[in-house]
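This report refers to the structure that appears directly beneath it.
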Amino acid sequence: IVIETRIIILGETISTGCYLLRIQLLQAQKIQFGRYNQSGAHFLPKGDYIYIGSALGNKGASSLGYRLMRHLTRCSGDTPHAIRGECATQLYNAGIQAKVPRNKKCHWHIDYLLEIPQAQVIGIIILRSQADYEKQIAAAFANLPETSTPVPGLGASDHPGNTHLFHITAGADWWSRLPQFILDAAIAGDGLAKI
C-alpha cells in the first residue's frame, strides 16, 4: 500500500518561507478573479493546478501558518478544504503557529478560485526559508513542458511579467519528484531546474 504524503515541509527550521498549493479543479470553470483584468471571467479547464505563494512575516496575516490556514478556509464560511485539519497538525508538529481566520474576505486573486466548491486543495509543499524563492520557483515552473498558464500574471502583482498559477498535466511520477524540483529551483535561482 502506498500512502501519499499530502503535506511536505522542506528547508530550515523557521516559520517563514514559500509554499505551493496543489489544487484539483473537479470540473472546468469560468472564474472572475476579483478586479483582475477588469473583472473579466477566465476559463480554467478541469485538472490539477499549482499556486505558488510566500509568507515572510512572523506575525498575523503575513505569517506562514496563518497564510496557509487562510487559503484553506472559504470566504463564504462554507466547509473548509478537507486538508485544513491535517495542515494545522503538520504545522503544529513543525513548530509553525497556525490560526484559522475569522470572517475571511476574498482579497487575493487566488481566493476566488479557492472559494468555489469544485476546487480542492489536495496537497501542500512548504519551503521554509528567510529568502523569498517565490519568483524563482514560478520562473522554473514556467519553463516546464507539463505546465501551462491559464491566466497570465495571476497572483504575481509583485512580480510583473510572471504568474503564480499553473495548470499541470503530469503523471504521478512527476508529482513524486516535485519536492526535489522545488529545492533545485530555489537553489538554482535561474529557472533552469528540471523535474
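From the list LEU21, LEU10, exactly one residue is surrounded by fewer than 19 Cβ atoms within 10 Å (Cβ to Cβ), in contact with a strand residue (DSSP E or B) (Cβ under 6 Å, 6 or more places away or on another chain), of a type outside the set (Phe, Trp, Tyr) and in a strand (DSSP E or B). Which is it?
Values: LEU21 fails: surrounded by fewer than 19 Cβ atoms within 10 Å (Cβ to Cβ).
Result of the check over LEU21, LEU10: LEU10.
Residues checked against (1) within 18 Å of GLY60 (Cα to Cα); (2) open to solvent by 60 Å² or more (accessible area, probe 1.4 Å):
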| site | (1), (2) |
| --- | --- |
| GLN97 | yes, yes |
| ASN103 | yes, yes |
| ILE110 | no, no |
| ILE137 | no, no |
| ALA140 | no, no |
| THR147 | no, no |
| PRO152 | no, yes |
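Within the range 74-86, can you find the residues that are open to solvent by less than 20 Å² (accessible area, probe 1.4 Å) and either in contact with a strand residue (DSSP E or B) (Cβ under 6 Å, 6 or more places away or on another chain) or modelled with pLDDT of 95 or more (or both)? Walk me through it before giving the result.
In the first step, residues of the range 74-86 are kept if they are open to solvent by less than 20 Å² (accessible area, probe 1.4 Å); the result is 74, 81, 83.
If the condition is that a residue be open to solvent by less than 20 Å² (accessible area, probe 1.4 Å) and either in contact with a strand residue (DSSP E or B) (Cβ under 6 Å, 6 or more places away or on another chain) or modelled with pLDDT of 95 or more (or both), then HIS81, ILE83 are the ones that fit.
So TYR49 fits all but one of (1) open to solvent by 20 Å² or more (accessible area, probe 1.4 Å); (2) among the aromatic types (Phe, Trp, Tyr); (3) closer than 28 Å to GLN130 by Cα; what number is the exception?
(1)
Could you tell me whether LYS59 is modelled with pLDDT of 95 or more and open to solvent by 40 Å² or more (accessible area, probe 1.4 Å)? Don't jump to the end; show me each part of the working.
Details: modelled with pLDDT of 95 or more: no; open to solvent by 40 Å² or more (accessible area, probe 1.4 Å): yes.
It is false that LYS59 is modelled with pLDDT of 95 or more and open to solvent by 40 Å² or more (accessible area, probe 1.4 Å).
The values are calculated or read from the model by the stated rules, or taken from the named source; none is laboratory data. For clarity, every value in this text was computed on a predicted model and none was experimentally measured. Cβ: placed from backbone, ideal geometry, glycine included. Neighbour counts: every protein chain shown. Calculation scope for accessible area: heavy atoms of the full protein, side chains included, ligands and nucleic acids excluded. Shrake-Rupley method; radii C 1.70, N 1.55, O 1.52, S 1.80 Å.
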